[in-house]
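Here is the structure we will look at, set down as structure tokens.
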Amino acid sequence: MPIISNENNFFCENHFVFLENEILVKSSALKNNTGTPLNQNDLPDDKTLRKILEAQFASDWFCEPEKNYCAFMLEKDSPLPAGYSTIPLRSFFWKTKSPYEQENALPCPLGNLASRAHGFLRLRETYIYCPKCGKKLEVSETLTAKVCPSCGREDFPRIEPAVIVLVSRNTPGGKEVLLVKSKTSVNKYFSCIAGFIEHGETAEETVKREVLEETGITVKNIRYVGSQAWPFPDQLMLAFRAEYECGEIKIQEEEIKDAAWFKRDSLPETPPPGSVAYNLIFGKF
């Protein structure tokens, strides 16, 4: 399906405006303490979009009519429109869910659409020149792709499959889970072990390899439990549970800052709601 970058074609029902990894919502919606999920009425309206275009605050924008949404990426230092605030996109994934969806780790259509929009914006800024001949790529008029006007190559959005796994073990003192703190993470969270699937691997083989590489632990009874699109910029997270088999913790110092076993009643700071790691750690999957 085509992506359109035309000022006369952005009047879809869902308006997503991003500032890096945050999304614009009405400030009044954030002050609402009733627990009502965010919905399309809490997103920027047509008038706000026109002001953003007129002020040239958007570094890129497009719409996908068949999916009924448009997406804008604001320049890094752009002022926010009056009456709007930004929240982290991962928080948006959570706040758009109904209580039933939150409790049962179910996807929300509006959150999924925002994930798609953000992922495409990030990919559009990455794929600028043809990797085959070096010419500048153009947006396809018929496909969700960029095309080379010189050699005709078509580049579609990439999806990078990755695994994320919660490892558990039973001890005389009760059940424990294995959590790690990444060296590259900008926050203080302990989270689940994760990594990209390599060529020639199954997802289950990736789980075994990543856990062994990062912590020195061997696992068994690997079970797939769910998935989540993660547009930072283009991952599809495949979630698993696994059981401890053998080994002592020996961290991969190039990537891991710390790793430890934690009891359920004494968890460290962990990722907030809105991520697949949260669903794994708190038993939503």
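The stretch between Asn68 and Asn170, if pulled fully straight at 0.36 nm per residue, gains 31.9 nm over its current Cα-Cα span. Shown for the stretch 226-279: the carbon plus sulfur share of the solvent-accessible area, taken with all protein chains present and a 1.4 angstrom probe, equals 49%. Note on the chain: antiparallel DSSP beta bridges, both residues inside, total approximately 75 percent of the bridges counted.
Each label point was placed 7 Å from the Cα along the Cα-to-Cβ direction; for Arg223 and Arg153 their separation is 4.5 nm.
Extending 7 Å from the Cα toward the beta-carbon at both Ala55 and Glu245 defines two label points whose distance is 5.7 nm. Each label was represented as a point 7 Å from its Cα along the Cα-to-Cβ direction; for Thr144 and Lys263 these points are 4.7 nm apart. With Cα atoms defining each centre, the stretch 100-137 and the stretch 29-90 are spaced 16 Å apart in the structure.
Solvent-accessible surface of the chain, taken per residue with a 1.4 Å probe and all protein chains present: 52 Å². Please report the net charge: other residues with Cβ closer than 13 Å to the Cβ of Leu89, K and R +1, D and E -1. For residues surrounding Leu89, the net value is +2.
The Cα center of the stretch 242-280 and the Cα center of the stretch 142-187 differ in position by 16 Å. Seen from Gly216, the other residues with C-beta closer than 9 Å to its C-beta sum to a net charge of -2, counting Lys and Arg as +1 and Asp and Glu as -1.
Result for the chain in a Gaussian network model with C-alpha springs under 10 Å: among Trp61, Trp261, Trp230, the largest mean-square fluctuation is at Trp261. DSSP assigns beta bridges within the stretch 137-247; of those with both partners inside it, close to 75 percent run antiparallel.
Summary of packing: across the peptides 12-20, 147-155, the per-residue average of other C-beta atoms within 10 Å ranks them, highest first, as 12-20, 147-155.
The values are calculated or read from the model by the stated rules, or taken from the named source; none is laboratory data. Here the structure is a predicted model, which means the values were calculated and not measured. Note that each Cβ is placed from the backbone with ideal geometry, even for glycine, and that neighbours are counted across all protein chains shown. Ligands, DNA and RNA are excluded from the accessible area calculation, which covers all protein heavy atoms including side chains. Shrake-Rupley method; radii C 1.70, N 1.55, O 1.52, S 1.80 Å.
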